1. For R127, which sequence-distant residues (separation of 5 or more, or a different chain) have an amide H within less than 5 Å of its own amide H, given hydrogens modelled in the peptide plane?
2. What do you get for the angle between helix 28-41 and the principal long axis of the chain? Use alpha-carbon atoms, 0 to 90 degrees, nearest ten.
3. In debye, nearest 20, what is the charge dipole magnitude of the chain about its Cα centre with +1 on Lys and Arg Cβ and -1 on Asp and Glu Cβ, if you could check?
4. For the chain, what does -39500 (n - 2.57) per DSSP helix run (n ≥ 4), summed and divided by total residues, give at 222 nm, in deg cm²/dmol to the nearest 500?
5. Evaluate 2.2 N^0.38 Å with N set to the residue count of the chain, then give the Cα radius of gyration divided by it.
6. Tell me the net charge near M78. Cut-off is 13 Å between Cβ atoms, M78 excluded, with +1 for each Lys or Arg and -1 for each Asp or Glu.
7. What net charge do the residues around V39 carry, taking every other residue with its C-beta under 13 Å from that of V39, with Lys and Arg at +1 and Asp and Glu at -1?
8. Helix 5-22 sits at what angle to the longest principal axis of the chain, using alpha carbons and giving 0 to 90 degrees rounded to 10?
Amino acid sequence: MAESHVLSALKRRYAQTLDLKARGFGVLDDLDHLAAVIVMFDPQADLGAIKPLRRSHGRGGKWQRLAIRIMRQRGVPMSASELADAIISEGCMEPNRRQRDSMISSLHASLGRGMKGIVCLPGAPKRWAVEAF
């Protein structure tokens, strides 16, 4: 019989928590609680067979870091599309329309979170600048 989505999610979270434990984070209580809930759903579960799983964080802020570097170099407020074009012109990615649109969306999401040192200027289109310290 196929594993339920709840049990699959619990096992995945258990694997991620095992990774946190291996990297030195204090998560022993979390592991114990997750193990107890997994056993409630599947009394024959083999917790020893679950291997640590590192969480995936997408590109790890790749576009964001490049955008901040470009804004620092140029010293002017830039929109997400201007930043995407600058990243493409530096040869960091192939000039593909679909990937460019994806990058613009990523930049809007990451820069729009109100990061320390990044200012969103009023007006349309949104423009970001690096604060002078």
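Here, each number is a calculation from the coordinates, and none is a lab measurement. Small disclaimer: the values here were computed from a predicted structure and weren't measured. Ideal geometry is used to build each Cβ from the backbone, glycine not excepted, and the neighbour counts take in all protein chains shown.
1. For R127, whose amide H was placed from the backbone, the distant partners under 5 Å are L121.
2. Once rounded, one gets 60 degrees.
3. In total the dipole reaches around 560 debye.
4. Helix-only estimate at 222 nm: -17000 deg cm²/dmol.
5. In units of the 2.2 N^0.38 Å rule of thumb, it is 1.52.
6. +3
7. -2
8. That helix lies at roughly 80 degrees to the long axis.
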